[in-house]
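K.L.:
Quick one: the structure is below, and I'll ask about it shortly.
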Amino acid sequence: MASPAKLSLVVVVVLIALATVCVAAVQLSARIPLSPWESSIAMEAVRLNAGLPIYESAHATHLYGPLLTVILAGAFQATGLNLIAARVVMSMFAIALAIFLSAILCHGKSRTWAVVAVLLFLGINLRTNLIVFSTQPDWAASFLAVIGLCVWITRKDSLLFGFVSVALFVCATLCKQTSAAFTLIPPAYVLLWKRPLRLRDLAAGLIPTVSILLTLAAIYWLWPRMFAAIVTIPASIKVYPERLLRVTLYLVVTFPIFLIALWSLFRARRRITETERWILAALIVLVAVSVWTMCKSGSGYNSLLFAYLAMTALCVARFEAVFDWLCSLSRRRGFAAAVAIALATFASFFIQVDHVFTLLSLRHGDDKYDVAVTQAGNLPGTVCSPQDPTIAYRAKNYFGRSLFAELDTHAVNGNWPSVLPDSMKQELAHCKYVVAIKSYVPAPMFDSYLPTAHFEPLPVPELEGSVYTIWKRTGME
């Protein structure tokens with residue numbers, strides 16, 4: 001590798017490493033929820049550990065797959081309700097996936113390339129709402145799906161390998177539903193690269209997809225409430241097709257190292273390797289699915305994770321060839337090209353740096369969380385905290401509904417309802433006190449309902465200046 005090229009890449013990779021460490025330090029030190037949904041996800045795991053049903057008509061369950069609840073329940077068995085522990089467990093899947101992909105794509109290359117690859121994969125965190133160090137299941141689902149895909153590729157005629165692969169695909173889907181898209185990669189590979197195209201090969205490639213459909217059919221038959229939560233309700237969320245072109249352009253243009261890798265691949269005077277063929281098949285499927293999910297109402301940049309994984313995989317697979325090309329240039333041209341590639345790499349991961357700083361400062365609550373729990377615990381009667389059900393649980397061992405899960409479940413025309421759902425009104429009707437939160441995710445239908453339901457703010461000096469307020473039902477002694 002040319003010296004300027006090596007130096008430029010090292011500088012950018014070190015910056016990515018430092019950013020990753022800083023994000024980890026900030027997010028893994030937060031005892032309170034990072035988002036309204038984090039508390040909802042955690043409480044479902046607590047419910048499971050307490051032997052309470054998690055898919056029932058009495059309350060809305062989060063819209064992720066049930067395997068997420070099982071994973072967090074296992075963590076809470078050892079630590080109790082501990083959001084930091086939950087984030088650590090989920091981040092382990094991200095780190096494991098980064099190492100696994102780097103080991104495959106850098107096989108036969110130097111350890112330096114493997115380390116660079118790991119950091120590039122983890123750097124995707126800076127483009128996907130910092131979900132590596134959160135309780136969201138995106139990376140866990142990706143880990144299971146990628147392992148399943150690799151087992152499928154290497155299965156040959158082994159029935160055992162085929163069964164293990166299908167099981168991993170199913171587990172990934174039950175962690176996050178959109179990871180079922182990984183099962184479309186085998187048939188996409190057959191259609192792209194198998195010549196002559198045989199129906200037998202295509203039918204074999206569709207086995208994982210059919211297995212997912214059969215699994216969902218079984219859930220529909222055996223546990224309709226779960227099916228509604230993980231399939232029917234998410235499918236009802238509104239999609240805005242007019243965003244497709246804009247999101248696609250954003251994805252590609254703001255990740256310029258992918259364009260460099262793509263250029264490197266098609267200018268090479270050799271046949272595309274088997275690994276590159278599978279990456280290209282994955283790109284076609286995962287970019288399309290990621291863009292589509294990004295166009296759904298309420299979606300975030302984490303919806304693009306699958307696409308970024310495939311795009312980064314191509315970059316890792318081609319970067320050694322790119323730097324070999326740099327070595328073939330004259331010193332002046334090589335230096336200019338190395339600087340350009342370094343800037344492209346920097347832009348690919350840090351273009352949303354302002355968004356990253358904003359996310360790092362966001363919390364669903366403030367440093368008076370423990371005070372709010374203590375004050376709620378000292379109140380007589382039933383206390384609920386729909387915006388953060390962990391407060392009522394810690395204070396009163398009360399398993400209440402999650403406002404944001406209820407809003408997701410009772411969407412109208414694919415968007416949150418403008419009025420509070422009846423299920424939430426029933427919850428409030430049985431509460432004497434309500435702990436409310438002024439969150440960065442507004443819920444005006446909740447704020448406006450409290451006064452109409454005969455609740456009034458209770459002066460609590462200890463919570464002065466806090467985002468937490470306690471509301472008391474009027475007429476109480």
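K.L.:
Just to be sure, is Ala167 closer than 28 Å to Thr20 by Cβ and aliphatic (A, V, I, L, M)? Before you say what the answer is, go through the steps one by one.
P.N.:
On the way: closer than 28 Å to Thr20 by Cβ: no; aliphatic (A, V, I, L, M): yes.
Taking the combined requirement at face value, the residue does not satisfy it.
K.L.:
Pull up region 192-236, narrow it to residues that are among the aliphatic types (A, V, I, L, M) and not in a helix (DSSP H, G or I), then point me to the one that is surrounded by the most Cβ atoms within 10 Å (Cβ to Cβ). Show your work before the answer.
P.N.:
So the first thing to find is which residues in region 192-236 are among the aliphatic types (A, V, I, L, M), and the list is 192, 197, 199, 202-204, 206-207, 210, 212-214, 216-219, 222, 226, 228-231, 233, 235.
This time we only want the ones that are not in a helix (DSSP H, G or I), so: 197, 206.
Numbers: Leu197: 11, Leu206: 16.
Out of the qualifying residues, it is Leu206.
K.L.:
Moving on to the next point. If the requirement is being acidic (Asp, Glu) and out of contact with any helix residue (DSSP H, G or I) (no Cβ under 8 Å at 6 or more places or on another chain), which of these qualifies: Glu320, Glu242, Glu276? First the steps, then the outcome.
P.N.:
Numbers: Glu320 fails: out of contact with any helix residue (DSSP H, G or I) (no Cβ under 8 Å at 6 or more places or on another chain); Glu276 fails: out of contact with any helix residue (DSSP H, G or I) (no Cβ under 8 Å at 6 or more places or on another chain).
Being acidic (Asp, Glu) and out of contact with any helix residue (DSSP H, G or I) (no Cβ under 8 Å at 6 or more places or on another chain) holds for just one of Glu320, Glu242, Glu276, which is Glu242.
K.L.:
Provide a single number: the residues in region 363-376 that are surrounded by fewer than 20 Cβ atoms within 10 Å (Cβ to Cβ) and either of a type in the set (Ser, Thr, Tyr) or assigned to a loop (DSSP other than H, G, I, E, B) (or both).
P.N.:
Count: 5.
K.L.:
Taking region 63-113 as the region of interest, how many residues are in a loop (DSSP other than H, G, I, E, B) and either more than 14 Å from the chain's Cα centre (by Cα) or surrounded by fewer than 15 Cβ atoms within 10 Å (Cβ to Cβ) (or both)? Talk me through it step by step, then tell me what you get.
P.N.:
Going through region 63-113, the residues in a loop (DSSP other than H, G, I, E, B) turn out to be 63-65, 80-82, 106-110.
The next check asks that each one be either more than 14 Å from the chain's Cα centre (by Cα) or surrounded by fewer than 15 Cβ atoms within 10 Å (Cβ to Cβ) (or both); those that pass are 80-82, 106-110.
Counting residues in region 63-113 that are in a loop (DSSP other than H, G, I, E, B) and either more than 14 Å from the chain's Cα centre (by Cα) or surrounded by fewer than 15 Cβ atoms within 10 Å (Cβ to Cβ) (or both) gives 8.
K.L.:
Looking at Gly400, Gly414, which is the one that is modelled with pLDDT under 90, of a type in the set (Gly, Ala, Ser) and within 30 Å of the chain's Cα centre (by Cα)? Talk me through it step by step, then tell me what you get.
P.N.:
Details: Gly400 fails: modelled with pLDDT under 90.
Step by step, each of Gly400, Gly414 is checked, and only Gly414 is modelled with pLDDT under 90, of a type in the set (Gly, Ala, Ser) and within 30 Å of the chain's Cα centre (by Cα).
K.L.:
Which of the residues that make up region 290-305 are more than 20 Å from Leu97 (Cα to Cα) and part of a helix (DSSP H, G or I)?
P.N.:
So in region 290-305, the residues more than 20 Å from Leu97 (Cα to Cα) come out as 291-300.
Those that are more than 20 Å from Leu97 (Cα to Cα) and part of a helix (DSSP H, G or I): Val291, Trp292, Thr293, Met294.
K.L.:
Can you work out which of the residues in region 105-135 that are touching an Asp or Glu at 6+ places or on another chain (Cβ under 8 Å) and either of a type in the set (D, E, K, R) or closer than 19 Å to Leu305 by Cα (or both) is modelled with the lowest pLDDT? First the steps, then the outcome.
P.N.:
The initial filter retains those residues of region 105-135 that are touching an Asp or Glu at 6+ places or on another chain (Cβ under 8 Å), namely 109, 113, 128, 131, 134-135.
Narrowing further to those that are either of a type in the set (D, E, K, R) or closer than 19 Å to Leu305 by Cα (or both): 109, 128, 131, 134-135.
On the way: Lys109: 80, Thr128: 96, Ile131: 95, Ser134: 94, Thr135: 95.
So the residue we want is Lys109.
K.L.:
Oh, and also: If a residue must be more than 27 Å from the chain's Cα centre (by Cα) and surrounded by 16 or more Cβ atoms within 10 Å (Cβ to Cβ), how many such residues does region 331-355 contain?
P.N.:
Residues meeting the conditions: 6.
K.L.:
Here's something else I'd like to know. Looking at this structure, is Leu34 among the hydrophobic types (A, V, I, L, M, F, W, C) and loosely packed, with under 15 Cβ neighbours inside 10 Å?
P.N.:
no
K.L.:
Identify all residues within region 220-250 that are out of contact with any Leu (no Cβ under 9 Å at 6 or more places or on another chain) and either under 17 Å from Leu67 (Cα atoms) or of a type in the set (Val, Ile, Thr) (or both); write none if there are none.
P.N.:
Scanning region 220-250 gives Tyr220, Leu222, Trp223, Pro224, Arg225, Met226, Ala228, Thr232, Val239, Thr248.
K.L.:
Turning to a different aspect of this structure: For Trp139, indicate whether it is crowded, with 22+ Cβ neighbours inside 10 Å, in contact (Cβ under 8 Å) with a residue 60 or more places away in the chain and either part of a helix (DSSP H, G or I) or more than 14 Å from the chain's Cα centre (by Cα) (or both).
P.N.:
Values: crowded, with 22+ Cβ neighbours inside 10 Å: yes; in contact (Cβ under 8 Å) with a residue 60 or more places away in the chain: yes; either part of a helix (DSSP H, G or I) or more than 14 Å from the chain's Cα centre (by Cα) (or both): yes.
Spelling it out, Trp139 is indeed crowded, with 22+ Cβ neighbours inside 10 Å, in contact (Cβ under 8 Å) with a residue 60 or more places away in the chain and either part of a helix (DSSP H, G or I) or more than 14 Å from the chain's Cα centre (by Cα) (or both).
K.L.:
Looking at (1) touching a residue at least 40 places away in the same chain (Cβ under 8 Å); (2) over 26 Å from Leu304 (Cα atoms), which is the one condition that is false for Lys194?
P.N.:
(1)
The values are calculated or read from the model by the stated rules, or taken from the named source; none is laboratory data. Predicted model only: the values in this text are computed from it and were never measured. Neighbour counts run over all protein chains shown; Cβ positions are idealised from the backbone, glycine included.
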